[in-house]
Amino acid sequence: MPKLLSQFELDRCPHCNIHMPRLVEQWKLRSGGDHSGRGGLHWVIYLCVTCGHLIMASGPAPNDEATDWYPKNDILDPAIPPEVVHYLQQAKDTLHAPDGSLMLSASAVDAMLKFKGYKRGSLSARIDKAAKKHMITEDMALWAHDVRLDANAPRHADQKTGPPTLEDAKRVLMFAETLAEILFVLPDRVTRGRQPVTPAPVDNPP
């Protein structure tokens, strides 16, 4: 566990996902706990010098290990196929480099459609076919086209659109993660939810 020092040591920033971020202490406070004074915590606010976002951490005392921090890095659901995770995780890990993250998010969308059987034709054509088959909604298809077009700009060094920003990369990654949720995570939850529940054994009375 990271300690509440002047610099907070996380493997990746939960905002920009840069590896080994420099998280510098900005503010700290000792909370008084409940009405009886029990359960007080030491709180520290840290700044990521790369993206400028804040992380709040808490623990029993200064220099002790943090018991919690906010936000935390998201973990991809195991229901998502490995070939999709391959691109999604890289897109998350490279948010600090928006050009690469955009292309990886588009590759994740491509991998999802191929996994569902849409393998022929361009990505644009397969997106339209998935919408016609009601695998995704028309609105999702329009959003998917935005992902495809956004990814094309850095791939072809498009000078008209300008370089993508961190917010652009986050928006495209959000679509890719949403699509993965709809195509894989939610159906898996429904399947598991419909499985019969085995009743707990009841002891026979003496």
Give all pairs with beta carbons closer than 7 Å in which a residue from the range 165-182 that is over 21 Å from P82 (Cα atoms) meets a residue that is in a helix (DSSP H, G or I) and of a type outside the set (A, V, I, L, M, F, W, C); count only pairs at least 6 apart in sequence or on separate chains.
T165/P98; L166/P98; D168/P98; D168/D150; A169/P98; A169/S101
Taking Y46 as the residue in question, decide whether it is of a type in the set (S, T, Y) and closer than 30 Å to D110 by Cα.
no
Any idea which of H42, H96 is in contact with an Asp or Glu (Cβ under 8 Å, 6 or more places away or on another chain) and not basic (K, R)?
H42
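Could you list, in sequence order, the residues of the range 120-143 that are small (G, A, S) and either farther than 17 Å from L183 by Cβ or modelled with pLDDT under 85 (or both)? If you could, list the steps in order and put the result at the bottom.
As a first pass, look at the range 120-143 and keep what is small (G, A, S): 121-122, 124-125, 130-131, 141.
Answer for the range 120-143, where residues must be small (G, A, S) and either farther than 17 Å from L183 by Cβ or modelled with pLDDT under 85 (or both): G121, S122, S124, A125.
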If you go through the range 94-122, how many residues are over 12 Å from V84 (Cβ atoms), out of contact with any Gly (no Cβ under 7 Å at 6 or more places or on another chain) and either buried (at least 20 other Cβ atoms within 10 Å of the Cβ) or β-branched (V, I, T) (or both)?
7
Heads up, the strands (runs of 3 or more DSSP E) in the range 1-71 (entirely inside) with at least 1 residues that are closer than 24 Å to L166 by Cα and open to solvent by 60 Å² or more (accessible area, probe 1.4 Å) are 23-30, 54-59, 68-70
Would you be able to say whether some residue in the range 175-190 is basic (K, R), open to solvent by 100 Å² or more (accessible area, probe 1.4 Å) and modelled with pLDDT under 85?
no
Of all residues in the range 82-93 being in contact (Cβ under 8 Å) with a residue 12 or more places away in the chain and over 22 Å from S124 (Cβ atoms), which is least open to solvent (accessible area, probe 1.4 Å)?
K92
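The values are calculated or read from the model by the stated rules, or taken from the named source; none is laboratory data. Bear in mind that the values here come from a model prediction, so they are computed numbers and not experimental data. Here the Cβ is made from the backbone with ideal geometry for all residues, glycine too, and neighbour counts use every protein chain on show. With ligands, DNA and RNA removed, areas are computed over all heavy atoms of the protein, side chains included. Shrake-Rupley method; radii C 1.70, N 1.55, O 1.52, S 1.80 Å.
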